[in-house]
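In what follows, a structure is listed as structure tokens, so that the remarks can point back to it.
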Amino acid sequence: MPDSRWDSALPPVKPFHPFNGVGEPVQLHYGEIGGARDTPVPGEVSLRCSPVLSVDWSVTPEPDSYPHSSDTAVLQLQRPYGEVGVDAWVRGFDEGWINGMTLGDGEAPVTRIVAHWFNLPRFRGQHHLTDRSEGGDRYWDRGRWSHEVDGWKIVLDVRPDHDSVWKELLKTRLYAMTHTMEISRVSGEQFTATEAEPLLTALHLGMSFSLGRWTAPLLPVGLGSEGEVLWETWGALHCDPARQHSSGWWDLWDLDALGRFLDGLVPVITDPAQGESLTLQIKYAITAIRDQGFVEQRIMIGAAGLEHVMWQRLRLSGALSTAEYRNTHDWPAHEKLRRVLREINVPVSLDRNQLPAMAAFADEMQRRSGKDWDGPSVVTEVRNFLVHPKEDQKKLYRIPGLVTEVWLVTRHYLSLLILESLGYRGPHQNLSRKRGLAGEVEGTPWP
């Protein structure tokens, strides 16, 4: 019998598409499909979760039906809101894929959206959940996280068997639905898919940036006041396999930090004047942070993100003219990077305990040039050497660990510049550190 703390437990948000097992497809449509043959034939559309995420379709044609002769098709499907045409690609005799689209009336006012998060770790929310059914009551501790931002209410519920699903995800590197999310207006007013799209984008980018890998809210469904389906979106957004620990700036247990970050992120992403540049910077940052691919690639992507931030902070703000910014003699890249970092109080010196290879490289370059070398100097020099090698590139690797440390510092600089631009203040994981405890955080350096 549960104790009194469960008296205030809430019912969970029901997923529109039932929770799947690890790697199992999520069925989106089952029934007759027109457009794939000369007559409608039985078939289905599913979100494939192994080995990658994709929306696939297949049909079971009659023996004497004619195969589709084009690389593309418009599938005719009967959905709750009527018949729709779905643009699709053909792969082989009886199957293909769908790149993603909104079905139904995207301008129809809805009361709420239900979406499905994939490969999201569990973090403890503010509310307990209970599911009372004929098969018996289930309870799970602090299974709901909720937050209000920019007029929106976000409710995120973890699936009750998340622990076992997560263990399987870590073993298989496949995909599974781990959370359900409900979005509504704080005021209770209705809204459209067009109005909600920037919020969904902000959550996709924000949660991925916080974790340091892609995780995704998929298959959103717009529901009317009576629970009727008015529209839905099919597509496979960027999503990475599960990871045990976060590679991003955020400590999973600090819900207050996540909320304050979203408070700054959502209004900017939904602002057409600012959202495009921030979206690109966060995409650069996620790619640079996640530890996949060659480390040199991560440095290059991170350097592109830093260049984007420097252009915005120095040139677009009017701090430097175009001529000054492009004058690499008076304003070399390391000077521009050093300036934007110092403006937000980010230390540019090198910690010899944490970054011994970069410190050794700086000492060597200082002996050659007679000038002091710091973090921005080493980061930009290694980046330049990767892009414009002037000598044997093997010399770049003569100091073991140098390239890896430059990657760590590059992603650290970029993450802090993004966080500061959003007005975030609070704990963060220092992404330049190689040593330390999991979840160890420090305060942001800006006042």
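The values are calculated or read from the model by the stated rules, or taken from the named source; none is laboratory data. Computed from a predicted model, the values in this text were never measured in an experiment. All Cβ positions, glycine included, derive from the backbone under ideal geometry; neighbour counts span all protein chains shown. In case anyone asks, the SASA skips ligands and DNA or RNA and just uses the protein heavy atoms, side chains included. Shrake-Rupley method; radii C 1.70, N 1.55, O 1.52, S 1.80 Å.
A few comments on the model shown:
- Looking across the stretch 366-382, the residues that are part of a loop (DSSP other than H, G, I, E, B) and surrounded by 11 or more Cβ atoms within 10 Å (Cβ to Cβ) come down to Trp373, Asp374.
- Candidate set: the stretch 242-258, residues that are closer than 23 Å to Leu417 by Cβ, crowded, with 16+ Cβ neighbours inside 10 Å and of a type outside the set (A, V, I, L, M, F, W, C); chosen: the one farthest from the chain's Cα centre (by Cα): Asp254
- Taking each residue of the stretch 420-447 that is within 19 Å of Gln281 (Cβ to Cβ) and surrounded by fewer than 16 Cβ atoms within 10 Å (Cβ to Cβ) and looking for partners that are among the charged types (D, E, K, R) and modelled with pLDDT of 95 or more with beta-carbon atoms closer than 7 Å, six or more apart or interchain, yields Trp446/Glu420.
- Residues that are closer than 15 Å to Ile98 by Cα and part of a loop (DSSP other than H, G, I, E, B) were ranked within the stretch 33-62; the one that is least open to solvent (accessible area, probe 1.4 Å) is Ala36.
- Screening the stretch 166-181 for residues that are open to solvent by 10 Å² or more (accessible area, probe 1.4 Å) and in contact (Cβ under 8 Å) with a residue 60 or more places away in the chain and picking the one that is nearest to the chain's Cα centre (by Cα) gives Tyr175.
- Within the stretch 92-143, tally of residues that are at positive phi, in a loop (DSSP other than H, G, I, E, B) and either of a type in the set (D, E, K, R) or modelled with pLDDT of 95 or more (or both): 1
- Complete set of residues in the stretch 336-365 that are open to solvent by 70 Å² or more (accessible area, probe 1.4 Å) and assigned to a helix (DSSP H, G or I): Arg339, Arg342, Glu343
- Residue count for the stretch 27-70 under the criterion of being modelled with pLDDT of 90 or more, acidic (Asp, Glu) and over 31 Å from the mean Cα position of the chain (by Cα): the result is 1.
- Scanning the stretch 203-260 for residues that are β-branched (Val, Ile, Thr) and touching a helix residue (DSSP H, G or I) at 6+ places or on another chain (Cβ under 9 Å) returns Thr215, Thr233.
- As a summary of the residue check, Phe385 satisfies the conditions (1) over 20 Å from Leu408 (Cα atoms); (2) modelled with pLDDT under 95; (3) part of a helix (DSSP H, G or I) except for the one numbered (1).
- So Ala304, is it among the aliphatic types (A, V, I, L, M) and loosely packed, with under 13 Cβ neighbours inside 10 Å: no
- Residue that is surrounded by the most Cβ atoms within 10 Å (Cβ to Cβ) [pool: residues in the stretch 72-107 that are within 23 Å of Val229 (Cβ to Cβ) and among the small types (Gly, Ala, Ser)]: Ala88
- Cβ-Cβ under 8 Å pairs, at least 6 apart or on other chains, the stretch 37-64 side over 20 Å from Phe118 (Cβ atoms) and without any contact (Cβ under 8 Å) to a residue 60 or more places away in the chain, far side surrounded by fewer than 16 Cβ atoms within 10 Å (Cβ to Cβ) and of a type in the set (Val, Ile, Thr): Val41/Thr60; Pro42/Thr60; Gly43/Thr60; Glu62/Thr39
- Where a residue in the stretch 14-33 is closer than 15 Å to Pro51 by Cβ and among the aliphatic types (A, V, I, L, M) and its partner, wherever it lies, is open to solvent by 30 Å² or more (accessible area, probe 1.4 Å) and part of a loop (DSSP other than H, G, I, E, B), with Cβ under 7 Å and at least six apart: Val22/Leu174
- Candidate set from the stretch 211-241 (those that are open to solvent by 30 Å² or more (accessible area, probe 1.4 Å) and part of a loop (DSSP other than H, G, I, E, B)); member that is nearest to Gly23 (Cα to Cα): Ala236
- Within the set Val340, Val348, Val309, the sole residue that is closer than 12 Å to Val379 by Cα and β-branched (Val, Ile, Thr) turns out to be Val348.
- Residue that is farthest from the chain's Cα centre (by Cα) [pool: residues in the stretch 270-290 that are open to solvent by 20 Å² or more (accessible area, probe 1.4 Å) and farther than 13 Å from Ser208 by Cα]: Ala273
- Residues satisfying the criterion are absent from the stretch 344-354 (criterion: within 17 Å of Ala304 (Cβ to Cβ), within 32 Å of the chain's Cα centre (by Cα) and hydroxyl-bearing (Ser, Thr, Tyr)).
- In the stretch 307-332, the qualifying residues are those that are part of a helix (DSSP H, G or I), under 27 Å from Ile282 (Cβ atoms) and aliphatic (A, V, I, L, M), and the one that is modelled with the lowest pLDDT is Leu316.
- Restricting the first member to the stretch 306-326 and to residues that are closer than 24 Å to Val406 by Cβ, and the second to residues that are open to solvent by 50 Å² or more (accessible area, probe 1.4 Å) and basic (Lys, Arg), the beta-carbon pairs closer than 6 Å and six or more apart or on different chains are Tyr325/Arg315.
- Test result for Arg213, among the charged types (D, E, K, R) and touching a Pro at 6+ places or on another chain (Cβ under 7 Å): no
- Residue within the stretch 357-368 that is closer than 23 Å to Ile301 by Cα and among the polar types (S, T, N, Q) present: no
- The residue list Ser146, Ser208, Ser184 contains one member that is in contact (Cβ under 8 Å) with a residue 24 or more places away in the chain, polar (S, T, N, Q) and assigned to a strand (DSSP E or B), which is Ser184.
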